[in-house]
Structure formats: C-alpha cells, structure tokens
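*Asks:* Dropping the structure in here first, questions after.
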Amino acid sequence: MGDSLLASKLDWIGISVHAFREETYHHLTGLRHFEGDRGLRSMMAEFCGKAIRQKNSEYVNVKIIRDKRYLSDQEAREAVAFWRELGLTRVEYYDEPMTRAG
C-alpha cells in the first residue's frame, strides 16, 4: 500500500499518532491488533525512508495528539524523537486533544 501511496498524485500524507506502545494503544482503543512496537516502527521507518527519497522530508506529516490519561511524558518524547530521527520535518506535537475547528 505504501508504494501505491507514493506513486499517487497526493501532495502529502498525514498520520495521526495517539499511542507509541502496544499497551497504550490498547488502553486508548480497547483493541489488541497493534502489530507490536518493533513491527510497526520498522514498517513506518521503511515507508518514511522511501517517502523522503522519492518525494521529500515534508511529504509525511505526523501529528501526535497526547491523551494525558494514557500517554506518559516519556512515551510522548519517544514518539516525537522516533519520527524526527527518521528525517521527517513535519512532526507536530499537541499536549492535549484539539478540535478540527482549532
């Protein structure tokens, strides 16, 4: 799917991140189909690397929206660092939920 997205005429792709660890994901969603920390991170690192090479470092826009009940300060810092270390320049962090109206 990632290759199809990169081959499309999309100007950019947005990813909203609400959890960085499997347990946090479960608490937020009640779901257990998280592919594991390493699997998801590896998959996203591969996709983002391709996106940077084929498009540019701004093609992928990551928004991390923190729910303080579940996402610790440490996990939030890890998430921001992970995306930035991949070379992405559009990594946005919100310390509380936001509305589409601003």
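*Asks:* Report yes if residue 51 is surrounded by 17 or more Cβ atoms within 10 Å (Cβ to Cβ) and farther than 21 Å from residue 97 by Cα, otherwise no.
*Replies:* In short, yes.
*Asks:* Would you point out the residue of segment 1-20, among those that are of a type outside the set (A, V, I, L, M, F, W, C) and either in contact with an Asp or Glu (Cβ under 9 Å, 6 or more places away or on another chain) or modelled with pLDDT of 90 or more (or both), that is nearest to residue 90 (Cα to Cα)?
*Replies:* Among those residues, the one meeting the criterion is 14.
*Asks:* Looking at segment 58-102, which of its residues are open to solvent by less than 20 Å² (accessible area, probe 1.4 Å) and among the small types (Gly, Ala, Ser)?
*Replies:* 76, 79
*Asks:* So in segment 21-32, with the set limited to residues that are at pLDDT 80 or above and assigned to a loop (DSSP other than H, G, I, E, B), which one is farthest from residue 83 (Cα to Cα)?
*Replies:* 30
*Asks:* Could I ask something else about it? Just the residues that are modelled with pLDDT of 90 or more and among the charged types (D, E, K, R), please, taken from segment 79-102.
*Replies:* Across segment 79-102, the qualifying residues are 84, 85, 90, 92.
The values are calculated or read from the model by the stated rules, or taken from the named source; none is laboratory data. These numbers were taken from a predicted model, which means no experiment stands behind them. Here Cβ is always computed from backbone atoms with ideal geometry, including for glycine, and neighbour counts include all displayed protein chains. Each accessible area value is taken on the protein alone, full model and side chains, heavy atoms only, with ligands, DNA and RNA left out. Shrake-Rupley method; radii C 1.70, N 1.55, O 1.52, S 1.80 Å.
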